[in-house]
Amino acid sequence: MMQAMRLASRMDSIGTETAFEAAARARALEATGRSVIHLEIGEPDFDTPANVRQAAKAALDAGATHYPPFAGIPDLRSAIAEDSAARKGFPIEPSQVFVTVGGKGVMVYAILALVDPGDEVIVPDPGYPIYESLTRFMGGTPVPIPIRMENEFRLDVDELASLISPRTKLLVVNSPANPTGGVLTRSDIERIAELAIRHDLLVLADEIYARILYDGAEHVSLASLPGMADRTIVLDGFSKTYAMTGWRLGYAIVPPWLEKAYGTLIINTVSGATAFAQAGAVEAIRGPQGEVDDMVTEFRARRDLIVDGLNEIPGVRCLKPHGAFYVFPDISATGLSGAELADRLLPETGVCVLAGTAFGQVGRDHIRISYANSRENLTEALGRLRAFVEPLVAARV
């Protein structure tokens, strides 16, 4: 007699990334002929630069179709080490660089290598949901640090200090941040580093949006501060900066004592990232950077458009973010929660956004909008949102 079909109990603890589920619903609606404006996915709407695509094609023609070295091809590891040392401000050897299948690989290996069952991991709330999901899945205990609008979506370092316990093992820091676009100041980073050293904490520094900054905002890598390079895993990649989401390439910069663990975990999971994609990534780093600068300039214009437009809608308050390509407006004055508004907007207006609670409980009265879409579509979305929200707010007066 066949044993009852049952999933392993660990599957009860794993979460999801709501953006992909919302995108599937939006595409299904679109397939019926409805006009849908996609503001849910954190994906640049630009194509990967042509020189990068050409480098990958050339690598294919040259035979880059075999297993790569598990940690990444030497040219790419060297390019990442040189570029990151220059941009992030601390010395990096190529041996510290591990090329992963997307940035999520960096998270998976950090938590697998460092977090034992019962260990606490401090994660941002709102924050990228996979931090919490992977922590729970691997037996750790996520401890949310609130990220509030009234503090410009920067964590309160004193509040962070109050959450540290004898079981705290790892702290996750994301700046510029998803979903808020918040950017930590140099003072914030310095105080976080002091806490990490005082309490002997390890840090996962998610710096995937580090080059998407506005208004003179400064990116300070935690690993660049005294005493932090040996306790920080830096997460970065190609998806956001070079519009390479489909290439599935991220990278970790790890302290020397973590090199063996990262290598072992890559060998046990994916064997290595796609060889010809890595050749394209070398060109992305070493080739012209003008298209990156142009993309950030366009994102800045879109940010201004969406922030100004949202703040003209009754019942909506929106801060102007200093990085990434998201806004996280407060919509509490509409009388709906973020989840209620998001659930109604798609079927009733054809605008797909995410509920703030897709990123943690602090975001209950918020929605997340990705402005990685054309200005024309953003203007249309603002009009549809206003037409939907105005009657709700008027009815409450």
Exercise. Hey, does the range 138-153 have a residue that's open to solvent by less than 20 Å² (accessible area, probe 1.4 Å) and among the polar types (S, T, N, Q)?
Worked result: no
For this session: With respect to E298, determine if the residue is farther than 14 Å from S84 by Cβ, open to solvent by less than 50 Å² (accessible area, probe 1.4 Å), over 21 Å from the mean Cα position of the chain (by Cα) and among the charged types (D, E, K, R).
Result: no
Exercise. Which of the residues that make up the range 14-29 are surrounded by 13 or more Cβ atoms within 10 Å (Cβ to Cβ), touching a residue at least 12 places away in the same chain (Cβ under 8 Å) and assigned to a helix (DSSP H, G or I)?
Worked result: T18, A19, A22, A23, R25, A26, L29
Problem set entry | Residues within the range 210-255 that are in contact with a His (Cβ under 7 Å, 6 or more places away or on another chain) and open to solvent by 40 Å² or more (accessible area, probe 1.4 Å), tallied | 1
Exercise. What are the residues in the range 37-51 that are at pLDDT below 90 and aliphatic (A, V, I, L, M), if any?
Worked result: I41
Exercise. Could you count how many residues in the range 118-153 are among the charged types (D, E, K, R) and touching a helix residue (DSSP H, G or I) at 6+ places or on another chain (Cβ under 6 Å)?
Worked result: 2
Exercise. Do the conditions hold for R53, that is, is it open to solvent by 40 Å² or more (accessible area, probe 1.4 Å) and assigned to a helix (DSSP H, G or I)?
Worked result: yes
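Conditions tested, residue by residue: (1) among the small types (G, A, S); (2) more than 21 Å from the chain's Cα centre (by Cα).
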residue: E283; (1), (2): no, yes
residue: D293; (1), (2): no, no
residue: R303; (1), (2): no, no
residue: K320; (1), (2): no, no
residue: A324; (1), (2): yes, no
residue: S332; (1), (2): yes, yes
Problem set entry | Scan of the range 176-209 for residues that are of a type in the set (D, E) and in a helix (DSSP H, G or I), ordered by number | D188, E190, E194
For this session: Give the residues of the range 248-292 that are under 14 Å from N51 (Cβ atoms) and either without any contact (Cβ under 8 Å) to a residue 24 or more places away in the chain or of a type in the set (A, V, I, L, M, F, W, C) (or both), sorted by residue number.
Result: A279, A281, V282, A284, I285, Q289, G290, V292
For this session: Working carefully through the options A22, A31, find the one that is touching a Cys at 6+ places or on another chain (Cβ under 7 Å) and modelled with pLDDT under 90.
Result: A22
Seminar exercise, completed: Flagged pairs (Cβ under 6 angstrom, 6 or more apart or on separate chains; first in the range 105-117, among the aromatic types (F, W, Y); second open to solvent by 10 Å² or more (accessible area, probe 1.4 Å)) are Y109/L265
For this session: Output yes when any residue across the range 351-367 is open to solvent by 10 Å² or more (accessible area, probe 1.4 Å), assigned to a loop (DSSP other than H, G, I, E, B) and hydroxyl-bearing (S, T, Y), and no when none is.
Result: no
Problem set entry | Flag for I189 being under 16 Å from H219 (Cβ atoms), touching a residue at least 12 places away in the same chain (Cβ under 8 Å) and surrounded by 21 or more Cβ atoms within 10 Å (Cβ to Cβ) | yes
Exercise. Is it the case that some residue within the range 30-44 is in contact with a helix residue (DSSP H, G or I) (Cβ under 7 Å, 6 or more places away or on another chain), among the small types (G, A, S) and assigned to a helix (DSSP H, G or I)?
Worked result: no
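The values are calculated or read from the model by the stated rules, or taken from the named source; none is laboratory data. Please read all numbers here as calculations on a predicted model, not as lab measurements. Quick reminder, even Gly has a Cβ in these numbers, built from the backbone with ideal geometry, and neighbours come from all protein chains shown. Areas reflect the complete protein model, heavy atoms only, side chains present, ligands, DNA and RNA absent. Shrake-Rupley method; radii C 1.70, N 1.55, O 1.52, S 1.80 Å.
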